[in-house]
Amino acid sequence: MKIKILMVCLGNICRSPLAEGILKSKLDTSKFTVDSCGTSSYHIGSKPDQRSIDIGKKYNIDITNQRAAQFTNDHFKVFDYIYVMDNSNYQNIIKLANSGQDKDKVKLILNELYPNKNLNVPDPYYGGEQGFEDVYQMLNKACDNIVNKLEKLY
């Protein structure tokens, strides 16, 4: 049975598609499924922001086939781990939880690097190219730690 991981940000066009692509590139896809979505409906069906696509390509990660989707309560039933990019996403997801078990699945991704600090991955949407590079580096390091934890489960 595959372990299923979901990456979540606001619009599902910048941070979470990049996080999905990074984590997928590091895991054995026969053992793990990685997906992403957003808490808002702003960009449903849209491809990732071109700047996220470009930074992914820079590191040999292709996210061009991803399409934005919105988080729903059903995601709790499907996914084992739900990583959110910031505290606002966390609160939005927790509000939809039906149980403590649902809430336990939701984690701030940067807590994988800085335990219990509850730091946000900054939204690079309104920033320049360096913002996307910075976000990539943060997510890449956090995903390395996630991979180390998940591989111990197998």
Boolean, Asn116 is closer than 17 Å to Pro17 by Cα, at pLDDT 95 or above and out of contact with any Asp or Glu (no Cβ under 9 Å at 6 or more places or on another chain): no
Which listed residue is farther than 19 Å from Lys26 by Cα, in contact (Cβ under 8 Å) with a residue 60 or more places away in the chain and of a type in the set (Lys, Arg), from Arg51, Arg67: Arg51
Single condition Lys117 does not satisfy, out of (1) open to solvent by 30 Å² or more (accessible area, probe 1.4 Å); (2) outside any loop (DSSP other than H, G, I, E, B): (2)
Residues within the range 120-147 that are part of a helix (DSSP H, G or I) and touching an Asp or Glu at 6+ places or on another chain (Cβ under 9 Å), tallied: 10
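The values are calculated or read from the model by the stated rules, or taken from the named source; none is laboratory data. As the structure is a prediction and not an experimental result, all values here were calculated from the model. All Cβ positions, even for glycine, are placed from backbone atoms using ideal geometry, and neighbour counts span all protein chains on display. The accessibility values were calculated without ligands, DNA or RNA, using every heavy atom of the protein model including side chains. Shrake-Rupley method; radii C 1.70, N 1.55, O 1.52, S 1.80 Å.
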